[in-house]
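Q: Here's a structure for you.
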Amino acid sequence: MSRIIINSSLGRIAACTAGLLFSLISNAEEGDGSVEINPIEIVEPDSDLREVYEAQIDTEFFELGGYLGFLSIEDFGTTTVTGIKGSFHATEDFFLQGNYAQADVPTSIAERQNGGASIIVNRDYEYYNLLVGYNLFPGETFISQDLTLNSAFYLVLGAGNTKINDDNYFTLTSGAGYRIILSDWLTFNLDMRDHTFKNEISGANKRVHNLEFSTGLTAFF
C-alpha cells in the first residue's frame, strides 16, 4: 500500500515538472528567445568632500613665547610664576628649550606660627634651565567637525639653576607638556615641571621638589 502512495506522489511531481518545462519552452518560442536583463543601478558616493583645516608649522625651527602658571615651593606654599621660553626644533622629534621665570616666595606655615618672623632674607625666586625635549605622541586634536589641529605630547629633561634667598642651587628639571598648533606660526602649550635641588633653607639639608603647572603661547619664526 505504501509503495502505491509513493509512486502516485512521484508521478504527480513529475507531471508538474513537465508542465512547467513545457510552459517555459512555449514562452521562449513565442518571443525572440532573448533574456531581458535589468540594468544594474550604481549608487554614487557623496562627492561633496568635507574640507578640514589642519594648522601646521611649515619650515620654522625657532619658537619664542611666554607662560603663566603656579609654582608649588616646598615648605612655603603655592605662588604665581611667570616666564619666557625659547626652543630650537632640531628634528621632527627632538628640540632644545631654554626657560627663565620669576616668582615670589609665599609665607610658610612655620613663619606664620612664629608671628610672621621670616626665615629667609630675600623672597625673590627665579630659575633658568636648558631642557632636551622629545615629541612622544604627535597627533591631531579635533576641535569641531570642520577644524582639526596638529598637536603633540612631549617629555623634557634637563638642568639649570634656582636662586632663592640670594643663594644659587643646581637644579634638575623634568616634565611633560602638550602642544596645540593654532596656526602656521602660533602654538598653545600646557606644561608640568618638577624642579628638584638640595638646600638648607628649612634648617635641614634635604632635596626639595617644586612642582610647576603653566600655560602659554609661543610663536614660530
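Bear in mind these aren't lab numbers, they're just calculated from the coordinates by the rules spelled out. What you see is a predicted model; the values in this text were computed from it and never measured. Note: ideal-geometry Cβ built from the backbone for every residue, glycine included; neighbour counts use all protein chains shown.
Q: Return the total of residues in segment 74-88 being farther than 15 Å from GLU212 by Cα and exposed (fewer than 15 other Cβ atoms within 10 Å of the Cβ).
A: Count: 2.
Q: Regarding SER183, is this residue farther than 21 Å from THR78 by Cα, hydroxyl-bearing (Ser, Thr, Tyr) and part of a loop (DSSP other than H, G, I, E, B)?
A: Taking the combined requirement at face value, the residue satisfies it.
Q: How many residues are within 19 Å of the chain's Cα centre (by Cα), crowded, with 20+ Cβ neighbours inside 10 Å and under 19 Å from THR78 (Cβ atoms) if we restrict to segment 186-212?
A: Going through segment 186-212 one residue at a time, the tally reaches 2.
Q: Go through segment 169-185 and give me each residue that's over 30 Å from the mean Cα position of the chain (by Cα) and either loosely packed, with under 13 Cβ neighbours inside 10 Å or under 20 Å from LEU96 (Cα atoms) (or both).
A: PHE170
Q: Take segment 199-221 and flag every residue that is hydrophobic (A, V, I, L, M, F, W, C) and part of a loop (DSSP other than H, G, I, E, B).
A: Residues satisfying the conditions are ILE201, ALA204, PHE221.
Q: If I filter segment 110-143 down to residues being surrounded by fewer than 15 Cβ atoms within 10 Å (Cβ to Cβ) and of a type in the set (A, V, I, L, M), which single residue comes out as farthest from THR79 (Cα to Cα)?
A: It comes out as ILE143.
Q: Just for segment 89-101: of the residues that are surrounded by 15 or more Cβ atoms within 10 Å (Cβ to Cβ) and polar (S, T, N, Q), which one is nearest to GLU212 (Cα to Cα)?
A: The qualifying residue nearest to GLU212 (Cα to Cα) is ASN99.
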